[in-house]
Amino acid sequence: MISLLSKIFISDNKNYSDNTIRKKYGILCGCFGIFLNIILFIAKFIAGTISYSVAMIADAFNNLSDAASSIVQILGFKLSSKKPDPEHPFGHGRIEYISGLIISFLILLMGFELLKSSIESFFAPKQISVNLISIIIMICSILIKFYMYYYNHSIAKKINSVTMEATAKDSLSDTISTIVVIISVIASKYTTFPVDAIAGLIVGLFILKAGYESAKDTIEPLLGNSPTKEFVEEIEKELLYHKPILAMHDLVVHDYGPGRRMISLHAEVPGNRDIFELHDVIDNAEVNIAKKFNCSVVIHMDPVDTENKRLAELKEVLTNSLKTIHTELHAHDIRMVPGPTHTNLIFDIVKPFSLKLSDEELKTTIHNSIHKKCNDVYCVITIDCPYTK
């Protein structure tokens, strides 16, 4: 159905990276979600009232809260697509993350309310009236909610939306919750034990779990999470395509919302090449990376000495020494300042999060390792954080 609606209402509906297309998908899926959730609320509320099932009524109001979440989703996509202005020069893209966070809080609130009503029902249980219509409504609800999970998850992956992924997780938890409700309604026919209240507690816990995971996923980009290893590798591959660039380091990715990323990095180039030629290469790399990854790019040019044999030998010693300390340690910006009595080897070290040594302990360990092999060399070390986990 979503595929059909997207063909009708969204022109160029395969251009998922375009911000306008992203907004249209978010609004379309949100409106369709409101329609389906209101239908489910009405059907479940009627069935729950007839059968006196607190779990079913709670599940109905959960669908109503999902409709409210879809409204938040629509507002988030509309506001996040606003163009940059003097107060917000990088745009409003992070509003989409905030809307996802609001949806997560609504899910958590519904989970707490369901736990409360289920506990009350446990101590004051009511006799549940089981009927075929109620069971059919719940089975249809399972099918509809699973379909909602499928299309929200599918579109979220295509347009890279944490808000829609939060909605998808909520739909999946609703599917599981409704299955639990059906089991409780049927089981209550054969026992006086408050199965309905227990089912309500289980449903509430499922909803809380979904809310927690959704909140975690939306908070991370707001706080500033690290880029994925795959994304870093793609950036590096595109950069090194531009010869004579030798290496990349100090990558920083700022995420101001989908389609609004800013990237800065350092590119190592041979120090003996013409400066104007190198500048042209860097300009071309910036343009191509920006176009390919739909972002803004700034590249700092780092000239390196590629002809000094002594420096090449020290680089090899340094590389081998780092491997003995930690497999993920690597150095960049390596240069030396020779003198009559000693040589200063100056470099930056990227320290992985998994390495437990303090910065000073790491500096001392590296220096001692190098100095043991080359007793005239003293290390001047700067510690950097990695750009991936």
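Here are the numbers for this structure:
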| item | result |
| --- | --- |
| Out of Arg335, Arg310, sole residue that is in contact with a Phe, Trp or Tyr (Cβ under 9 Å, 6 or more places away or on another chain), over 21 Å from Pro386 (Cβ atoms) and among the charged types (D, E, K, R) | Arg335 |
| Some residue of segment 257-276 being in a helix (DSSP H, G or I) and either open to solvent by less than 50 Å² (accessible area, probe 1.4 Å) or farther than 30 Å from Asp18 by Cβ (or both) | yes |
| Test: Lys83 is farther than 30 Å from Thr20 by Cα, basic (Lys, Arg) and either assigned to a helix (DSSP H, G or I) or open to solvent by 50 Å² or more (accessible area, probe 1.4 Å) (or both) | no |
| Per-region count, segment 238-265, residues at pLDDT 90 or above and charged (D, E, K, R) | 2 |
| Unmet requirement for Ile235, which otherwise passes all of (1) modelled with pLDDT of 90 or more; (2) of a type in the set (A, V, I, L, M); (3) in contact with a Ser or Thr (Cβ under 6 Å, 6 or more places away or on another chain) | (3) |
| Which numbered condition Val380 misses (of (1) in a helix (DSSP H, G or I); (2) aliphatic (A, V, I, L, M); (3) surrounded by fewer than 17 Cβ atoms within 10 Å (Cβ to Cβ)) | (1) |
| Residue that is out of contact with any Asp or Glu (no Cβ under 6 Å at 6 or more places or on another chain) and part of a loop (DSSP other than H, G, I, E, B), where the choices are Tyr25, Tyr16 | Tyr16 |
| Residues of segment 305-327 that turn out to be closer than 19 Å to Glu361 by Cα and either surrounded by 14 or more Cβ atoms within 10 Å (Cβ to Cβ) or of a type in the set (A, V, I, L, M, F, W, C) (or both), as a count | 5 |
| Complete set of residues in segment 210-256 that are open to solvent by 20 Å² or more (accessible area, probe 1.4 Å), touching an Asp or Glu at 6+ places or on another chain (Cβ under 7 Å), among the hydrophobic types (A, V, I, L, M, F, W, C) and not in a loop (DSSP other than H, G, I, E, B) | Ala247 |
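The values are calculated or read from the model by the stated rules, or taken from the named source; none is laboratory data. Fair warning: this is a prediction, and the values are worked out from it, not measured in the lab. Here Cβ is always computed from backbone atoms with ideal geometry, including for glycine, and neighbour counts include all displayed protein chains. Keep in mind that these areas ignore ligands, DNA and RNA; they rest on the heavy atoms of the full protein, side chains included. Shrake-Rupley method; radii C 1.70, N 1.55, O 1.52, S 1.80 Å.
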